[in-house]
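We did not get these values from a lab; they are worked out from the coordinates using the rules stated. From a predicted model like this one, the values you see are computed outputs, not experimental measurements. Glycine also receives a Cβ, built like all others from the backbone with ideal geometry; neighbour counts cover every protein chain displayed.
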Amino acid sequence: MATSFRFEPKATESTSSVLPSQRSGVSDIISTGPTQLVSEALTAGHPLESRLANWENTQLNIKLHMQRQVYGLHAPMRTMMEVKCVQQTPSVLGSRAAQIQRDILLGKDESIDVCDVFGDTSEVETSNVHTMLAARLNV
């Protein structure tokens, strides 16, 4: 974990050449060609986009760092251990009990998300209980 309370992740620098002989950020246009530079410029995206993509991870890191500063090293370790145990617990019949426990541990229990309203239909393939349990137990 980082020792500072950063609200945005560190910017990652991208270079246009994948050659190991690149020096001081200057790209080799003769061997790579200008089309790679154009495609990188088009796919770079806005800086806010990367910040929003990493928003939940950044907030979790801030929360764990604050727990470490206040309670000691055991608090973030315990929180992450509990989250991992909840994620490994199989949800029988597509129940949301494990997801609710995870939301409580991560502090998301007071917010409403799209999957809270419409449900997550990707996990529930069939309505047959025996088929679902056999698939989970690899029988």
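Below is a table of values for the structure above.
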quantity	calculated
Extended-chain gain in nm, criterion 0.36 nm per residue less alpha-carbon gap, ILE30 and VAL114	25.4 nm
Peptide ranges 83-89, 101-107, 112-118 listed from the most packed, as the mean C-beta count within 10 angstrom indicates	101-107, 83-89, 112-118
